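Presented below is the structure to which this report refers.
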Amino acid sequence: MNTPTLSKTKKTARGIFGTLIIPVAVGLILWIVCAANGVSMFSNAQSLTIFVRGVATVMLTTIALAINLNSGRFDFSLGSVATLSAVISAQITLNAGGNALTMLILSIVFGILLGAVSGGIYVLLRLPPIITSLGVALLYEGLAFTITKGSNVSFYGKTDVSGITTNVLYMLIIIAAVLLITIVLFDRSRFGYRYKALMAGQKVSVNTGIKEVSNAVVCYAFSGALMSIVGYLTATSVGIISVDILNFGSIGVMFSAFLPMFIGGFIGRYSNDKLGYLLAAITMTFFSMTYSALSVKSSTQSIINAVLLVVFLIYLSNEKTVKDIAALKHIRNLFKKKTDGETNND
Amino acid sequence: MDKVKTNEKFSKRQKLISLTPIIGLVILLILYVVIGIIKDINFKAGFEAIVNQSVILAIVATGAIFIFTLGSFDISLGASTLVSACAGGLVYNATGSVALMLLTCVAASLAASLVSSVLGSIFNLPVFVTTVAMMSVLSAVSEMLITGKGGNQIRISGLSGLENIWVKLIFLVIFTAICVFVFEFTKVGRRQKALGGNPVCAKLTGISVKTYAILAFIMAGVGIGLGGFLTAVRASTITSGTASDIGMNIFIAIVFGGMPISGGPRSRIYAAIIGSFSIRILSQILTMLLAAVPGANGIAQIVRAIFFLAMVYLASMNYRTKMLPR
């Protein structure tokens, strides 16, 4: 009689466990590692700000990457959109004497525009997105360099524009707002249903009348908006926008989001993939904080992150085999126990 | 009758479009000569610069064609070239042997390529993501090799005798000849094209995806090794920025040269050479035109981007689909 309730409770518990296990386990392990070395991830007053900023940056980049990649569209232009939108908005804000909010809003507006242009080029040329995004990355890097004539944009002495980046509450609002908007747009709207239909079956969806072109352009525009916030957060926290990114110097941003995207996708199986991206961002920021606390060299960090990515992918790509192996082991243990019991009885 | 004429017309149009990369290269060459005459440049030095800049890219890209033919994509080629150059440079400094240096360069890049391909093949990982991880690892390894002895560079001296365009051209011609032979006249090339064109059908006919993926990475590894060797010879000082422009430019060069991104039977070895020379000639033209303009590098890159997209658009006009490509 209680079976459905029990089953539901079990399902909920499984969902909560699956959703939280990675960030909690990683956080605990890294906390122990730090404690064993006599350091702490949160050693001073700035640590929380750095942590929340890290979470915001990673989460936004991951969602921006995942929106198009889940539909089979590689987007190499993410980093260049972040830089160019930050350069344009910074130039306007600094020249007009605006504040942090002005720069953030301008960044988002230009991010949407740049993303839409990127999507527009893709749908107009009808070339594979991997090619158009390379062209767009080159174009935007060149534009950022040309606008500033090769000089970096500096925020030295301009504390007005970095007000958001130094305030934990504002960044938490950004994280919550982005998460909410993304969930509503992609999981609870007509646009989102069509996006998912196109993702699952492009040909069938197009034949049933779903407008693929406008859906793709909106995806690029939304992705651009997210990257513009990343550009703003990075620029104002570092205090400088480096335009020395010619020749694909901006595409590294895309690669940094792969691991959190796969982790987020895995967590998403138990709850929601967007929530998964947030938890993956928290997980990755735990790593960054630990590297910083332990003064790990950047080359070692790269190797650890790459190994983590490969190991996680090996698990994801061979999940069934891993489970089968685990199951066989389980059966073998049961068999062994039974045999041991029979021997004892004899 | 009309249908035959229409077909002939379409076939001619297809042929013309498939020749777009070669036509583009010829136009760029003519433009280079015309602008060079107007600007009164030293043509000997100019052509030497083009060859110097193109050959390394062309060699690495030619090897990489084997990977791209399978419809795969390797992002770690630039990082692998740097590791290969670093390893070769260190061995040369320790032994003074050019032969050992060349062998080390090829061995290092082959090892890197094999790790990527074996990881991808055995554990069924997506090749692109595997190479993203490899790129991080190789960049870290090169940093360790460069800073291993406390400095931030590897200095190589005594190789100036090898630093001339004829040596580079010999490397390019020999390696291209081997690649053309393997690609066009052996079952390896044919099967790779089949796998790139229709993997399901190729698998059903008994072609092993794993074997041919590993073979593709081996060919690419040899190209990277030779590129790494020439990089070490050319740059007497290797830093973490050496060969940094090779990685993505390989992709640009291959696509620019008319290689379809999906790989398959339309793949051509010569795409790498045409593309490499085209983008270097274009860069030289832009350098001549924008020499006195502030922020010239940025403008040059914008023009390069537009030119790249326009060329690829023209070259792929035969293959438009109703749905958006992915």
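Just so you know, all these numbers are worked out from the coordinates, no wet-lab data involved. From a predicted model like this one, the values you see are computed outputs, not experimental measurements. All Cβ positions, glycine included, derive from the backbone under ideal geometry; neighbour counts span all protein chains shown.
Remarks
- Exposed loop positions in chain A were taken to be trypsin sites (Lys or Arg not before Pro) whose DSSP state is not H, G, I, E or B and which have at most 16 other beta-carbon atoms within 10 angstrom. Between these positions, the longest stretch is A:1-148.
- Cβ-derived FRET efficiency at R0 25 Å, B:A292 paired with A:S154, nearest 0.05: 0.45
- Once backbone amide H atoms are built at 1.01 Å from N, B:I156 has B:T237, B:I238 as its partners under 5 Å, excluding neighbours fewer than 5 places away on the same chain.
- Those residues of segment A:173-208 whose amide nitrogen sits under 12 Å from the label point placed on A:V24, 7 Å along Cα→Cβ: none
- When you filter the trypsin sites (Lys or Arg not before Pro) in segment B:264-324 for DSSP loop state and at most 16 other Cβ atoms inside 10 Å of their Cβ, you are left with B:R320, B:K322.
- For the options B:A194, B:A292, B:A87, a Gaussian network treatment of chain B with springs between C-alpha atoms closer than 10 Å singles out B:A292 as fluctuating the most.
- Segment A:97-148 versus segment A:213-280: alpha-carbon centroid distance in Å: 14
- For A:C34, B:C201, the sequence from fewest to most other C-beta atoms within 10 Å is B:C201, A:C34.
- For chain A, the alpha-carbon coordinates run over 90, 61, 41 Å along the three principal axes, in decreasing order.
- Amide N proximity, segment B:193-232 versus B:R326 label position 7 Å along Cα-to-Cβ, cut-off under 18 Å: B:198-200
- Fluctuation leader among B:L82, B:L309, B:L204 - chain B, Gaussian network, Cα springs under 10 angstrom: B:L204
- Taking a point 7 Å from the Cα of B:R190 along the Cα-to-Cβ direction, the residues of segment B:247-268 with backbone N closer than 18 Å to it are B:264-268.
- Ranked A:M59, A:M41, criterion: other C-beta atoms within 10 Å, fewest first: A:M41, A:M59
- Local electrostatic count at A:N70 - Lys and Arg +1, Asp and Glu -1, tallied over other residues with Cβ under 15 Å: +2
- Among A:V218, B:V255, A:V204, the ranking by other beta carbons within 10 Å of each residue's beta carbon, starting with the fewest, stands as A:V204, A:V218, B:V255.
- Centroid-to-centroid separation of segment B:74-101 and segment B:18-55 [C-alpha atoms, Å]: 30
- Most mobile listed residue (B:G88, B:G148, B:G221) in chain B, GNM with C-alpha springs under 10 Å: B:G148
- For A:I240, nonlocal amide neighbours, meaning residues 5 or more places apart or on other chains whose placed amide H falls under 5 Å from its own, are A:F155.
- Measuring between their Cα centroids, segment A:281-319 and segment B:152-224 lie 32 Å from each other.
- Our coupling estimate for segment A:9-20, obtained by passing each phi through the Karplus curve with A = 6.51, B = -1.76, C = 1.60 and θ = phi - 60°, is 4, 4, 5, 5, 4, 5, x, 5, 4, x, 6, 9 Hz, Gly and Pro reported as x.
- Here the spin labels are modelled as points 7 Å beyond Cα on the Cα-Cβ line, and at B:D245 and A:R269 they lie 4.5 nm apart.
- Local charge for A:R188 was computed over the other residues whose Cβ lies under 15 Å away, with Lys and Arg +1 and Asp and Glu -1, and equals +2.
- Summarised in one figure, the compactness ratio Rg/Rh of the protein assembly as shown, Cα atoms and Kirkwood Rh, is 0.99.
- The calculated FRET efficiency for B:I38 paired with B:V209, based on their beta-carbon distance and R0 = 51 Å, is about 0.45.
- Normalised contact order of segment B:1-123, rounded percent, pairs of Cα under 8 Å and 6 or more residues apart: 13
- MRE, 222 nm, helices only [DSSP H, n ≥ 4, -39500 (n - 2.57), over chain A, to nearest 500]: -27000 deg cm²/dmol
- From phi via Karplus (6.51, -1.76, 1.60), per-residue ³J(HN,Hα) for segment A:291-306 in Hz, x at Gly/Pro: 4, 5, 5, 8, 6, 6, 5, 4, 5, 5, 4, 4, 5, 4, 4, 5
- A simple rule links phi to the HN-Hα coupling: the Karplus curve 6.51 cos²θ - 1.76 cosθ + 1.60 with θ = phi - 60°, which for segment B:267-279 gives 5, 9, 5, 5, 4, 5, 6, 4, x, 4, 5, 4, 6 Hz, with x for Gly and Pro.
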